[in-house]
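Where a number appears in this text, it was derived from the coordinates with a stated rule and is not lab data. All values derive from a computational prediction rather than experimental measurement. Because the Cβ atoms are built from the backbone with ideal geometry, glycine has one as well, and the counts that use them run over all protein chains shown.
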Amino acid sequence: MGTDELKTFMATYDWAKTWRDLPWAHDEPTLFLAELCAKRKPGRVLDIGCGAGTDSVYLAQRGWEVTALDFIPRALEFTAARAREAGVAVTAVQADITAWQADRPYDLVLDHGLLHNLDPQRHAAYRQAVLTALAGEGDFILLHWHPRFPGQGNGRMGPRRVAREDILAFFAPELQERLHAREEFEDLPDIVGGGMTQAYYWFQRNQAQQQPAALIAQVQATLQRHKVDAANLISAAGDAPVAARLATPDLLSRLIGPGRIGISHQLLEPAAAAQRLREWSAQAGLDPHHVEQLFRLFMSADHGDICGAAPKCTQCEVRFCKRLRYR
């Protein structure tokens, strides 16, 4: 943390008589944590900027091995004291996340409001620290403030408000949004800029980025399941586009966009989507022409209409698709 940030937080912790006095103290766990705990077995969690310790204690009570990290000693004192009262153990680490390295990957990384208080000059180091700490099948939960209206200022003490599209772009392409929620605070002190939108993100690794060859294999397996002879159709087409009738001109945009396989973190115009697919293929060491032909067959109304305007998700082998959560 920078000197100004350190002074601000040290002063706040010195002023607080108990953890409940902290402006960011919260009794309930951060949104999505309860759902995550219901979906997966306890593992290793890194709570960065643990603050008052609410989330660290909550997760420890549910069997997680908790590393509570903060650069303010009193934050760790509050967290350790609350853990003792609850009869659970947490590992307290005094460190700045931008200068700290995890020794092993974590199944869950949690940030309840650290990023939006961080000097933008340190954002790149923060991002790299999160990506390094997060396991391949891990989850990342983030709380961040948004502006309530375009151009809203941050206030003298911050936190910095950032729009959703900028958050998604910041973590792309390595991470993909799984869930997003928001709540409105209409009236807050002017020192923090007045009202704000508090946003919650649940990110996971973007498997299309991590395992492109596996994604292509899943597409091919789905075509085989529907008895589409992709190899012969592509070979017969040669350099020309394979014969494939698409239900809508923006279908490729939807297929590679954030709502399906996530090659792009935003919906693109059709021409831009085709270009993005070619770039992704080249970066992954795949033949861009072959991948584009394969995807045309995958979307084609003439070849099973597998991933068309109304995707046949129950008949699809593409496990990396975001629509998987609805199956």
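Between ASP21 and ASP190, what length in nm is gained on full extension when 0.36 nm per residue of separation is reduced by their alpha carbon distance? Provide the component values of the computation, followed by the final result.
On the way: separation 169, 0.36 × 169 = 60.84 nm, distance 1.87 nm.
Between ASP21 and ASP190, full extension yields 59.0 nm more.
Taking the number of other C-beta atoms within 10 Å as the exposure measure, put ILE167, ILE191, ILE306 in order starting with the fewest.
Numbers: ILE167 20, ILE191 11, ILE306 23.
Lowest to highest Cβ neighbour count: ILE191, ILE167, ILE306.
If I stretch the segment between ARG319 and ASP229 completely, what's the gain in nm (0.36 nm per residue apart, minus their alpha carbon distance), one decimal? Each step should come with its number before you reach the end.
Details: separation 90, 0.36 × 90 = 32.40 nm, distance 2.10 nm.
Fully extending the segment from ARG319 to ASP229 adds 30.3 nm.
Taking amide H positions as placed in the peptide plane 1.01 Å from N, state which residues far from ASP119 in sequence (5 or more) or on other chains have amide H under 5 Å from it.
Under 5 Å from the amide H of ASP119 lie the amide H atoms of GLY2, each far enough along the sequence or on another chain.
What is the range 196-279's relative contact order, in percent, from Cα pairs under 8 angstrom and six or more apart in sequence?
Numbers: 51 pairs, mean separation 15.8, N = 84.
Computed over the range 196-279, the figure is 19 percent.
How do 169-181, 236-248 rank on mean C-beta neighbours within 10 Å, highest first? It would help to have the intermediate numbers written out before the result.
Values: 169-181: 16.7, 236-248: 12.5.
Result, highest mean first: 169-181, 236-248.
Based on the Cβ-Cβ distance of LYS39 and ALA89, what FRET efficiency does E = 1/(1 + (r/R0)^6) give at R0 = 22 Å, to the nearest 0.05? Intermediate values should be presented prior to the final figure.
Working: r = 24 Å, r/R0 = 1.08.
The value I calculate is 0.40.
Per the helix-only calculation at 222 nm, which mean residue ellipticity applies to the chain, given -39500 (n - 2.57) for every DSSP H run of n ≥ 4 and division by its residues, nearest 500 deg cm²/dmol? Write out the running numbers ahead of the final one.
Numbers: 12 runs with 119 residues, N = 327.
It comes out at -10500 deg cm²/dmol, rounded to the nearest 500.
Which of ALA95, LEU31, TRP280 sits closest to the plus end of the dipole of the chain, meaning its Cα is farthest towards the positive end, when Lys and Arg get +1 and Asp and Glu get -1 on the C-beta?
TRP280
Once both labels are modelled 7 Å past Cα along the beta-carbon direction, what's the ARG178-HIS123 spacing in nm?
My value for the distance between the label points is 2.5 nm.
Show me, for the range 178-194, the HN-Hα J-couplings you get by feeding each phi into the Karplus relation (A = 6.51, B = -1.76, C = 1.60, θ = phi - 60°), rounded to Hz, glycine and proline as x.
Along the range 178-194, the couplings run 9, 9, 9, 9, 8, 9, 9, 10, 7, 9, 10, x, 4, 4, 9, x, x Hz.
Report relative contact order for the range 177-327 in percent, whole number only (criteria: Cα-Cα under 8 Å, sequence separation at least 6).
23 percent
Return one quarter of the surface area of the convex hull spanned by the alpha-carbon atoms of the range 3-205, equal to its mean projected area, in nm². Before the final figure, lay out the partial values.
Values: hull surface 42.7 nm².
About 10.7 nm², averaged over all directions.
Hey, what do the phi angles of the range 98-103 turn into as Karplus ³J(HN,Hα) couplings, whole Hz, using 6.51/-1.76/1.60 and θ = phi - 60°, x for Gly and Pro?
My calculation for the range 98-103 gives 6, 10, 10, 10, 6, 7 Hz in order.
Could you tell me the relative contact order of the range 49-148? Use alpha-carbon pairs under 8 Å, at least six residues apart, and round to a whole percent. Before the final figure, lay out each step's value.
Values: 153 pairs, mean separation 25.9, N = 100.
Relative contact order comes out at 26 percent.
For a protection proxy built on the mean count of beta-carbon atoms within 10 angstrom, sort 143-149, 209-215, 55-61, 5-11 highest first, please. Let's see the in-between values first.
On the way: 143-149: 18.6, 209-215: 16.4, 55-61: 24.6, 5-11: 14.3.
Packing proxy ranking, top to bottom: 55-61, 143-149, 209-215, 5-11.
Along the range 110-117, what does the Karplus equation 6.51 cos²θ - 1.76 cosθ + 1.60 (θ = phi - 60°) give for ³J(HN,Hα), rounded to whole Hz, x for Gly and Pro?
The phi angles translate into 10, 10, 9, x, 7, 4, 6, 10 Hz.
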